[in-house]
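Read the figures in this text as sums done on the coordinates, not as results from a lab. Because the structure is a prediction, the values reported are computed rather than measured. So basically every Cβ, Gly included, is an ideal-geometry build from the backbone, and we count neighbours across all protein chains shown.
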Amino acid sequence: MMIPVRCFTCGKVVGEHWEEFKQRTKEDDENPAEVLDELGVERPCCRRMLVSHKDLVDIVAPYQ
Ligand SMILES: [Zn+2]
């Protein structure tokens, strides 16, 4: 499942930050809170969109 383009609650575009957020938290092992601050994702409703999102594509792909 791809990340939703916009925050469900406030409508801010968050999908454009996903790739950078994912890379910096997983590969560079940075603190997710600091990455979100730098990306300008400040509202809790938007931050949860990125923090709680899992790339189901990676999980489901082997079974196709
Ligand atoms: Zn929001």
Just order 24-31, 10-17, 46-53 by mean Cβ neighbour count inside 10 Å, highest at the front, would you? 46-53, 10-17, 24-31
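What net charge do the residues around residue 39 carry, taking every other residue with its C-beta under 13 Å from that of residue 39, with Lys and Arg at +1 and Asp and Glu at -1?
Every neighbour counted, the sum reads -3.
Ignoring everything except DSSP H segments at least 4 long, calculate the 222 nm mean residue ellipticity for the chain; use -39,500 (n - 2.57) per segment, divide by total residues, nearest 500. Please list the in-between numbers first.
Numbers: 4 runs with 26 residues, N = 64.
One gets -9500 deg cm²/dmol as the mean residue ellipticity at 222 nm.
Semi-axes of the equivalent ellipsoid for the chain, please: Cα gyration tensor eigenvalues, times 5, square-rooted, ordered largest first, whole Å.
Calculated on Cα positions only, the semi-axes equal 21, 16, 8 Å.
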